[in-house]
1. Take the conditions aliphatic (A, V, I, L, M) and part of a strand (DSSP E or B) and apply them to ILE138. Does it pass?
2. Any residue in region 179-194 that's over 20 Å from GLY15 (Cβ atoms): show its pairings with residues that are of a type in the set (D, E, K, R) at Cβ separation under 6 Å, as long as the two are six or more apart or on different chains.
3. Just to be sure I understand, how many residues within region 2-31 are more than 9 Å from the ligand (Cβ to nearest atom) and on the phi > 0 side of the Ramachandran plot?
4. Taking the residues in region 10-31 that are of a type in the set (A, V, I, L, M, F, W, C) and modelled with pLDDT of 95 or more as candidates, determine which candidate is surrounded by the most Cβ atoms within 10 Å (Cβ to Cβ).
5. For the condition assigned to a helix (DSSP H, G or I), within 30 Å of LEU214 (Cβ to Cβ) and touching a residue at least 40 places away in the same chain (Cβ under 8 Å), what is the one hit in ILE8, ILE19?
6. Go through the residues of region 32-42 one by one and say whether even a single one is at pLDDT 95 or above, of a type in the set (D, E, K, R) and near the ligand (Cβ under 10 Å from one of its atoms).
7. So, in region 98-148, of the ones that are in contact with a Lys or Arg (Cβ under 6 Å, 6 or more places away or on another chain) and not aliphatic (A, V, I, L, M), which residue ends up nearest to SER20 (Cα to Cα)?
8. Can you go through THR169, THR180, THR141 and tell me which one is within 15 Å of the chain's Cα centre (by Cα) and of a type in the set (S, T, N, Q)?
Amino acid sequence: MPGFKVAIDGPAGSGKSTISKRVAEQLNLTHIDTGAMYRAITYYALQQGSDLDDESSYQFMERIKVRYDKDRIYIDNIDVTDQIRTDLVTRNVSKVSSFPYVRKILVHIQKEAAKGVDVIMDGRDIGTVVMPDADLKIFLTAAVKERAKRRQKEKEVLGIQQDIQALETEIIERDRKDSTRKESPLICADDAIVIDTTHYSVEDTTNRIIEEILKKEKYHGRTTNEGR
Ligand code: DC
């Protein structure tokens, strides 16, 4: 039985994961943050001391198991949710996610995870590659300055002070890499609804997406979410 599928794409710091998580909680959907999977592979490769520039370094992906479950990410059943948020991982994840070999394996895992469940999945290529048949596609954007401010606040909560200019530069660079890579770059699907969150709160955007979901007949006719 095909589930109800929502694809959320957008650049770094547009609020995708936070908002997807809220929508999932309120509408009983399974949330999958695909960025966490690319980060997990980056973390593992760094831990192994792999040459990150060499695509063949990632063959370890044949042997390990990556799983996203209830907002936690696991490698071989070890929870690495906190370890994937370091600056070192953030600085390297765009490079790692540009390799077709890495993408092929993760896209396969993501497609399998979406099968038969009511899901909200967020990333860069969800509406275009992972779930081109999604029932609803949303593309979230926000001005760079605002995205940098949000990152700064997130870091403050963790007790880290970071210069806003440095954060802006990092975001611009990651946007550039994610949007210009050859393999499934960040682009807005033709049939996506674009929401600019610059002047919206998390709650506003969450409600806006919920409104769009509730307009869909299929959402009301769905079966229970087997994935939960
Ligand atoms: O959403 P995030 O910032 O945690 O994602 C980390 C990186 O992973 C991002 O810079 C690009 C990559 N990514 C991707 O290439 N495709 C996805 N579906 C999700 C993330």
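1. On the way: aliphatic (A, V, I, L, M): yes; part of a strand (DSSP E or B): yes.
Judged against the criteria, ILE138 is a match.
2. So the pair list comes out as GLU183/ARG103; SER184/ASP125; ASP191/LYS137.
3. 2
4. ILE19
5. ILE19
6. Within region 32-42 (the criterion being at pLDDT 95 or above, of a type in the set (D, E, K, R) and near the ligand (Cβ under 10 Å from one of its atoms)), the answer is yes, since at least one residue qualifies.
7. Top of the filtered list is ASP122.
8. Working: THR169 fails: within 15 Å of the chain's Cα centre (by Cα); THR180 fails: within 15 Å of the chain's Cα centre (by Cα).
Just a single option satisfies the conditions, and that option is THR141.
The values are calculated or read from the model by the stated rules, or taken from the named source; none is laboratory data. On a predicted model such as this, the values are computed, not experimentally measured, just so you know. With ideal geometry, Cβ positions are generated from the backbone for all residues, glycine too; neighbour counts draw on all protein chains shown.
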